[in-house]
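Comments concern the structure below.
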Amino acid sequence: MYAVVRQIPAGYVATYGDVAALAHLPGHARLVGYALHALPEFSDVPWQRVINAQGKLSLGRAFPGGELHQRHLLEAEGIVFGANGKISLKHFRWQPPSHEPAHEDVLKAQ
């Protein structure tokens, strides 16, 4: 999971479910949340780039006021929040590069 989160570039976000699916753990979004919550304070994993599926920050339940810290970190990366406090997943959701078939895969398909 941490390897997936490290791939999210500055200025983009992914949902807990996105990270779970990319880590080959589909349906385990909560597990991603627990893992990010367990990170040491000065971890190099960009935890702030993971949000919920509604485009909202979820950190406030675990750390009162934590969502403000997360919001400031994301805004510093250029993420824009709407008046409703949500991030537009249409504009800021990270999509990993699609898998390009290896030369051998192309040959097998022919």
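What to note about this one:
- Coupling constants for the range 71-82 follow from the phi torsions by the Karplus curve (6.51 cos²θ - 1.76 cosθ + 1.60, θ = phi - 60°), and in residue order they are 4, 4, 4, 5, 4, 5, 8, x, 6, 10, 9, x Hz; glycine and proline get x.
- Distance between the modelled labels on ARG30 and ALA53, one decimal in nanometres: 1.3 nm (7 Å Cα→Cβ projection).
- Relative contact order, percent, the range 1-98 [alpha-carbon distance under 8 Å, six or more residues apart]: 32 percent
- Each Lys or Arg adds one and each Asp or Glu subtracts one; over the other residues with Cβ under 13 Å from the Cβ of GLU77, this totals +1.
- Total formal charge among the other residues, if their Cβ is under 15 angstrom from that of TYR12, Lys/Arg +1 and Asp/Glu -1: +1
- Peptides 41-54, 8-21, 85-98, 67-80, ordered by how many other C-beta atoms sit within 10 Å of their residues on average, highest first, read 8-21, 41-54, 67-80, 85-98.
- Taking Lys and Arg as +1 and Asp and Glu as -1, the other residues whose beta-carbon sits under 11 Å from that of TRP94 total +1.
- Spin-label model distance (nm) - SER43 vs LYS90, 7 Å beyond Cα toward Cβ: 3.2 nm
Values quoted throughout were computed directly from the atomic coordinates according to the rules given, and no laboratory measurement underlies them. Everything numeric in this text was worked out from a predicted model, so none of it was measured. Cβ coordinates were reconstructed from backbone atoms using ideal geometry, including for glycine residues, and neighbour counts include every protein chain displayed.
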